[in-house]
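What follows is a set of notes on a single structure, which appears directly below.
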Amino acid sequence: MGKDKLRKFAEIATFKNVVQLEDGIAYKGKWAEAFFKNQQPLILELACGKGEYAVNLARMFPEKNFIGVDYKGNRIWRGAKTALEDGVENVGFLRIQIEKILEYFGPGEVSEIWITFPDPQPQDSREKKRLTNPAFLARYKELLVPGGLMHLKTDNDGFFAYTLEKIQELGLVPITETSDLYHSGLVDQVLAIKTYYEKKYLAQEKNINYVKWKFTENATEL
């Protein structure tokens with residue numbers, strides 16, 4: 001590991017807005033009151049990277065709590081440091097593997113989930129690692145309040161098509177979808193937030209895919 005990564009790992013261990021690994025289990029079911037010291041709704045950004053969505057959403061919606069979830073501490077460092085420097089107190093970061101998310105959040109504790117430019121895991125052999133495969137979707141359904149919203153932004157057309165396929169197969173409810181977000185007329189202040197990777201893809205003139213959906217009680221059993 002390079003010196004810069006080691007420095008960032010050492011720093012996030014001192015950040016009050018970062019919870020790492022097993023330490024987060026103590027907050028399960030009580031993130032609002034125990035971590036944020038309030039009763040506001042909780043929104044997650046999964047595969048958050050540098051946390052651009054979590055931090056910027058927190059700025060826009062001070063009446064809600066936000067947690068960016070990722071395993072790579074050197075990336076979380078950027079978002080966490082920005083939030084601390086700018087005094088954005090309704091956002092935190094959790095460094096865990098997303099596969100274990102049910103160990104850290106209770107049933108119905110989350111009101112909304114964003115998945116922003118995750119690794120598409122394009123090889124067939126890695127389907128189980130895709131963050132919208134049925135096993136992950138089952139986890140999200142358990143975490144979300146009834147009618148809670150899911151969002152996905154991705155530059156990868158194959159991963160987007162895969163996600164839409166799973167949404168249809170499982171009887172979920174798509175609300176909005178587009179394969180070319182910035183030419184769709186859908187962009188508002190929230191969808192206009194751009195991650196580090198999104199800016200790179202747009203500079204390469206790649207299209208950005210977006211879908212919003214929710215779970216229903218009569219959906220195919222997950």
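The values are calculated or read from the model by the stated rules, or taken from the named source; none is laboratory data. Predicted, not measured: the structure shown is a model, and the values here were computed from it. Counting neighbours? That spans all protein chains shown, and the Cβs are built from the backbone with ideal geometry, glycine included. The accessibility values were calculated without ligands, DNA or RNA, using every heavy atom of the protein model including side chains. Shrake-Rupley method; radii C 1.70, N 1.55, O 1.52, S 1.80 Å.
Of all beta bridges that DSSP places with both ends in the chain, some 30 percent have antiparallel geometry. Comparing Val190, Val91, Val19 in a Gaussian network model of the chain (Cα springs below 10 Å), the most mobile by mean-square fluctuation is Val190. Give me the 1.4 Å probe accessible area per residue for the chain, excluding ligands and nucleic acids, in Å². In whole numbers, the chain has 48 Å² accessible per residue. For Leu202, the solvent-accessible surface with a 1.4 Å probe is about 50 Å², rounded to the nearest 10. Considering only Asn90, Asn65, Asn156, the mean-square fluctuation computed in a Gaussian network model of the chain, springs between alpha carbons under 10 angstrom, is largest for Asn156. Of the residues Tyr201, Tyr196, the one with the largest accessible area comes first in the ranking Tyr196, Tyr201, computed with a 1.4 Å probe on protein heavy atoms.
Here the dipole of the chain is about 780 debye; that uses its Cα centre as origin and unit charges on the Cβ of Lys and Arg (positive) and Asp and Glu (negative). At the residue level, Ser111 shows approximately 30 square angstrom of accessible surface with a 1.4 angstrom probe and all protein chains present. The HN-Hα couplings worked out from phi for the range 110-119 by the Karplus form 6.51 cos²θ - 1.76 cosθ + 1.60 (θ = phi - 60°) are 10, 9, 7, 9, 10, 10, 10, 6, x, 4 Hz, whole numbers, x standing for Gly and Pro. Rolling a 1.4 angstrom probe over the chain with all protein chains present gives an accessible area of which 49% lies on carbon and sulfur atoms.
For the range 106-222, what is the percent of antiparallel DSSP beta bridges, rounded to the nearest 5? The antiparallel proportion sits near 65 percent. Its alpha carbons considered, the chain gives a radius of gyration followed by a Dmax of 16.8, 51 Å.
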